[in-house]
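Q: Below is a structure I'd like to ask you about.
Here, each number is a calculation from the coordinates, and none is a lab measurement. Remember, it's a predicted structure, so these values are computed and weren't measured experimentally. Heads up, the Cβs are rebuilt from the backbone with ideal geometry, glycines too, and the neighbour counts pull from every protein chain shown.
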């Protein structure tokens, strides 16, 4: 075995981009080695004042989420959210390029990326955006955007539908009223 040619870094990288990508690389490696098929990665606490200068905006995460419905503030908050989704895309690309059985890792899993509020300025828990990526062994169809009239569907319905995709035949999940229409294609 050859000695490393550079000093091995210690601690958390100063760059959030480097840190996030390192964490996504470790998750991808765990999936590639079949050490797990389940992982949770929290990018930060909702109340954090952390900034993400690599997003193109240097404001604090929580403070920026209270954008006052002002277009310039919303645009800056959107830069931070776009940054996080771009990092997720990096992870998805790694998984898609990783062979697994009859396809790739992304074909066989489901990634759930979400927030806890639809409008964080108003602390509104409705119209919550969720990104679902993966194929669940061909059971989940991607490349779709599902939108529902306000007040007609709850996140619980989507979570119940996901349980059903995994063959967990539970009748209710939280306050669910049934499966989310159109999620299971």
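Q: Among the residues of the stretch 106-135, how many are in a loop (DSSP other than H, G, I, E, B) and either surrounded by 12 or more Cβ atoms within 10 Å (Cβ to Cβ) or within 14 Å of the chain's Cα centre (by Cα) (or both)?
A: Count: 11.
Q: Give 177, 152 a once-over and let me know the one that is surrounded by fewer than 11 Cβ atoms within 10 Å (Cβ to Cβ) and over 20 Å from residue 106 (Cα atoms).
A: Answer to the check: 152.
Q: Looking only at the stretch 158-183, count how many residues are free of Cβ contacts under 8 Å to residues at least 24 places away in the same chain and either more than 20 Å from residue 124 (Cβ to Cβ) or within 18 Å of the chain's Cα centre (by Cα) (or both).
A: 14
Q: Okay, moving on. Please go through the stretch 39-61 and give me each residue that is under 12 Å from residue 20 (Cα atoms), in a loop (DSSP other than H, G, I, E, B) and touching a helix residue (DSSP H, G or I) at 6+ places or on another chain (Cβ under 9 Å), ordered by number.
A: Residues satisfying the conditions are 41, 43, 44.
Q: I've got another one for you. Just to be sure, is residue 55 surrounded by 14 or more Cβ atoms within 10 Å (Cβ to Cβ), under 16 Å from residue 120 (Cα atoms) and within 18 Å of the chain's Cα centre (by Cα)?
A: no
Q: Quick check on my filter: what residues within the stretch 1-24 are touching a helix residue (DSSP H, G or I) at 6+ places or on another chain (Cβ under 7 Å), in a helix (DSSP H, G or I) and farther than 30 Å from residue 124 by Cα?
A: The answer is 21, and nothing else.
Q: Another question, then. Yes or no: residue 143 surrounded by fewer than 13 Cβ atoms within 10 Å (Cβ to Cβ), within 16 Å of residue 184 (Cβ to Cβ) and under 16 Å from the mean Cα position of the chain (by Cα)?
A: Yes, satisfied.
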